[in-house]
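Encoded as structure tokens, the structure appears first; notes follow it.
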């Protein structure tokens with residue numbers, strides 16, 4: 001894959017955010033990475049999705065040095081870069097303020113794993129970070145938000161938990177590619193909505209037992225997966 | 001009706017799921033049955049609704065043997081087959097993760113019959129299953145999910161209760177045809193949404209009395225039904 | 001206005017129900033009346049909005065005798081007729097199962113007048129009926145539903161309260177014409193949604209004081225109204 | 001900018017209200033001001049957005065004298081004029097009955113600042129006014145609603161708090177232009193929705209700490225802002 005293809009993929013993935021009703025105005029950003037050249041493509045900051053063009057995409061190296069593009073990159077770029085450096089498996093990262101996932105983040109609560117919908121994508125409850133301290137915010141807000149996500153995930157294999165909530169802020173998600181990361185952002189928003197409703201209907205609702213979590217996660221992602229057409 | 005017509009009906013019924021906003025991505029499946037030949041047509045697993053074609057439909061016999069189609073059938077096929085074998089009246093079966101019905105399933109609660117909207121289609125509250133045991137999940141997850149539905153419905157005449165919730169998973173529904181089954185899936189999602197709101201407005205809301213349930217159910221489905229144009 | 005024009009108006013008003021997202025499938029009906037000839041035009045029963053034609057409209061006299069149209073009228077026709085007979089000011093009547101208004105009806109609660117949005121159309125809280133008794137249901141369900149609405153409204157001038165909830169069933173609304181009745185059905189659904197949210201945000205929310213209710217109602221509907229362009 | 005351009009801007013801004021799903025029927029109004037000539041352009045009262053034309057826009061001076069346009073101005077015009085006179089920084093004002101913001105107004109509660117989404121636009125919680133007294137309503141309802149908004153905002157720099165709730169009525173918002181005011185009305189509705197959900201998920205949810213509020217507000221609006229492309 002050459003850089004032009006990656007830029008096209010990142011553009012399309014960004015345009016998918018409003019199509020899936022994950023963003024209001026410019027409140028979201030998608031990036032993708034070329035692992036051979038270690039170049040990251042990301043949306044420019046504050047540019048309307050309706051007017052976004054291929055040449056607006058910004059290219060940076062993993063240290064954050066801008067190597068292509070006339071516009072300033074997303075203000076959350078440093079967070080994306082930390083995640084790419086920490087997890088070599090990642091091909092794409094997304095940040096949105098999608099309504100229900102953001103509400104859970106504002107509530108400061110992890111999303112319990114109430115059902116198989118979540119288990120088909122997330123290997124357990126979706127964690128919520130602590131708040132950054134005043135010192136951390138002052139030192140390097142966006143970079144340390146990336147490290148906060150790493151801290152929140154602990155030792156979880158990154159592709160088994162393709163999203164997280166940053167407290168009082170909103171969701172980040174990721175995947176094998178920019179497209180896959182957006183797919184997971186859609187799932188995160190939908191399971192956030194279902195989990196809110198579940199708690200409203202039954203405040204004592206219990207999480208899915210482990211054996212059902214394993215069954216669903218593994219039938220889709222395990223060695224012997226039998227969901228879909230492409231896996232063995 | 002020949003098999004080609006059934007395949008067209010099942011394709012159209014599957015495409016109706018996103019049109020009625022019952023599914024995210026590929027999270028749903030519709031099947032239909034030809035009772036003369038005992039052949040079931042079902043959607044392939046994990047194929048996008050946007051790209052689904054007539055030739056993608058999978059044909060199986062009632063024992064689950066694939067007799068037509070190059071793709072793997074829906075991962076929930078075994079559940080559909082159990083239902084067709086248990087209930088000769090069924091012509092179509094649907095499974096979705098529609099938002100509000102899934103929330104009730106995750107809450108582990110039957111949907112109370114709060115009003116005439118539900119009584120026009122469902123002869124009482126919509127039951128919610130127990131969880132499968134670890135042994136059942138290991139033995140035959142999808143097949144035993146079908147048997148779980150049969151167990152949950154007890155002796156209820158199947159077409160008087162055209163849907164059920166599988167605990168911590170989501171809704172299944174059915175009808176005289178694939179189209180009718182999707183119709184009932186739409187109703188199930190809407191009554192799930194209304195019942196949630198009803199409980200929010202009045203936690204002590206009481207179910208519809210039996211005489212009103214009977215009146216509404218019978219004016220639409222009884223011997224002397226007078227709703228619509230086609231019944232005597 | 002001749003009968004053909006009234007039929008066109010009633011058809012358009014019925015088609016406005018799905019356009020305003022007030023109905024699922026065929027769950028709603030609009031009628032209009034020609035007061036000179038005492039003829040009522042109403043939607044046929046159980047006919048899809050997508051295929052409804054001008055010639056499908058059913059014409060009846062105020063006693064319920066069908067004078068035009070090959071199809072059977074809406075199963076709720078008797079309720080409409082009672083309202084036209086009771087209130088000479090009415091030009092149109094609507095029944096829907098719109099989501100939030102139906103939830104209040106299922107909850108068995110009147111919609112409190114929490115704000116000026118409601119006061120712009122409804123002169124106070126929107127009442128909810130009692131349940132019909134078993135005897136009433138058996139005697140004449142649809143006709144006595146009409147009388148129940150009249151009973152629920154007490155002596156309220158009918159156009160100052162253009163809608164009501166029938167307990168465990170759903171909303172009815174009305175107006176000077178079929179179009180006006182649909183307009184009020186849209187308002188009823190929206191104020192039902194806002195009132196539900198208001199109670200969720202503040203369970204102790206208080207109704208609008210009378211002097212503000214009067215101010216808003218009168219600036220739009222009173223002798224010295226100054227809202228809009230057409231009033232003096 | 002000449003008056004014709006301002007009229008075009010105000011027309012477009014009004015048409016943006018239904019496009020962003022902020023209004024039902026005619027329940028909203030946008031105005032803009034030409035500060036050189038002290039002329040305000042506002043939507044006419046009760047005219048459908050679907051039929052609104054450039055020549056329908058009404059032009060008034062700051063004292064409320066109509067200087068152009070055949071139609072009667074919005075019934076809320078006096079409120080807009082008070083705001084323009086009180087705050088020379090304002091270029092546009094919007095009033096809507098958008099669902100979630102109106103629910104908070106009906107609940108009589110300020111919208112807590114639960115997250116960075118709100119902090120990106122509002123420098124703290126969004127205040128809710130008291131009710132006008134009977135005497136105030138009688139004396140000059142719309143004008144005193146404007147003064148009530150000024151009273152509610154206290155000494156807050158007007159562009160750091162681009163919206164407010166009028167108790168039991170609904171939201172007003174504003175900005176540097178009519179377009180900017182509508183943008184802020186969209187944000188107000190979305191943060192109102194998120195804040196409602198947050199309180200449902202966690203009734204004990206805590207507001208964003210001040211240092212995070214400052215960080216987000218300043219990175220977008222401060223001297224050293226680095227969000228977007230146009231600021232230094």
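The values are calculated or read from the model by the stated rules, or taken from the named source; none is laboratory data. The shown structure was predicted, so the numbers you read here are calculated from the model rather than taken from an experiment. Cβ: placed from backbone, ideal geometry, glycine included. Neighbour counts: every protein chain shown.
Rundown of residues vs (1) farther than 21 Å from residue A:227 by Cβ; (2) assigned to a helix (DSSP H, G or I); (3) touching a helix residue (DSSP H, G or I) at 6+ places or on another chain (Cβ under 8 Å), yes/no style:
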site	(1), (2), (3)
B:9	yes, yes, yes
B:14	no, yes, yes
B:18	no, yes, yes
B:21	yes, no, no
B:25	no, no, yes
B:32	yes, no, yes
B:36	yes, no, no
B:40	no, no, yes
B:46	no, no, no
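For residue C:139, state whether it is under 30 Å from residue B:225 (Cβ atoms) and either within 12 Å of another protein chain (Cβ to nearest Cβ) or touching a strand residue (DSSP E or B) at 6+ places or on another chain (Cβ under 9 Å) (or both). Yes. Looking only at residues of the range D:36-55 that are buried (at least 16 other Cβ atoms within 10 Å of the Cβ) and over 23 Å from residue C:120 (Cα atoms), we find that the one that is farthest from the chain's Cα centre (by Cα) is D:39. Residues that are touching a helix residue (DSSP H, G or I) at 6+ places or on another chain (Cβ under 8 Å) and closer than 23 Å to residue D:170 by Cα within the range D:65-78 comprise D:74, D:75, D:76, D:77, D:78, listed in sequence order.
On the stretch given as the range D:193-226, residues that are without any contact (Cβ under 8 Å) to a residue 40 or more places away in the chain and over 18 Å from residue D:114 (Cβ atoms) total 7. Screening C:76, C:120 for residues that are within 11 Å of chain B (Cβ to nearest Cβ) and at pLDDT 95 or above leaves exactly one candidate, C:76. Evaluated against (1) surrounded by fewer than 23 Cβ atoms within 10 Å (Cβ to Cβ); (2) in contact with a helix residue (DSSP H, G or I) (Cβ under 7 Å, 6 or more places away or on another chain), residue B:191 falls short on exactly one condition, (1).
Answer yes or no as to whether residue B:225 is under 26 Å from residue C:57 (Cα atoms), facing chain C (nearest Cβ under 10 Å) and surrounded by fewer than 16 Cβ atoms within 10 Å (Cβ to Cβ). Judged against the criteria, residue B:225 is a match. Only residues that are at the interface with chain D (Cβ under 9 Å from one of its Cβ atoms) and in contact (Cβ under 8 Å) with a residue 40 or more places away in the chain were counted across the range C:177-188, and they come to 2. Of the residues making up the range B:200-210, not a single one is surrounded by fewer than 18 Cβ atoms within 10 Å (Cβ to Cβ), on the phi > 0 side of the Ramachandran plot and either within 10 Å of another protein chain (Cβ to nearest Cβ) or at pLDDT 95 or above (or both). Among the residues of the range A:178-232, those that are more than 30 Å from residue C:200 (Cβ to Cβ) and in a loop (DSSP other than H, G, I, E, B) comprise A:209, A:222, A:223, A:224, A:225, A:226, A:227, A:228, A:229, A:230, A:231, A:232. Candidates in the range D:48-64 are the residues that are touching a strand residue (DSSP E or B) at 6+ places or on another chain (Cβ under 8 Å) and in a loop (DSSP other than H, G, I, E, B); of these, the one that is nearest to residue D:84 (Cα to Cα) is D:62. When residue C:19 is tested against (1) under 29 Å from residue B:182 (Cβ atoms); (2) in contact (Cβ under 8 Å) with a residue 24 or more places away in the chain, exactly one condition is not met: (2). For the range D:25-40, a residue qualifies if it is farther than 22 Å from residue C:190 by Cβ and either without any contact (Cβ under 8 Å) to a residue 40 or more places away in the chain or within 12 Å of another protein chain (Cβ to nearest Cβ) (or both), and the qualifying residues are D:34, D:36, D:37, D:38, D:39.
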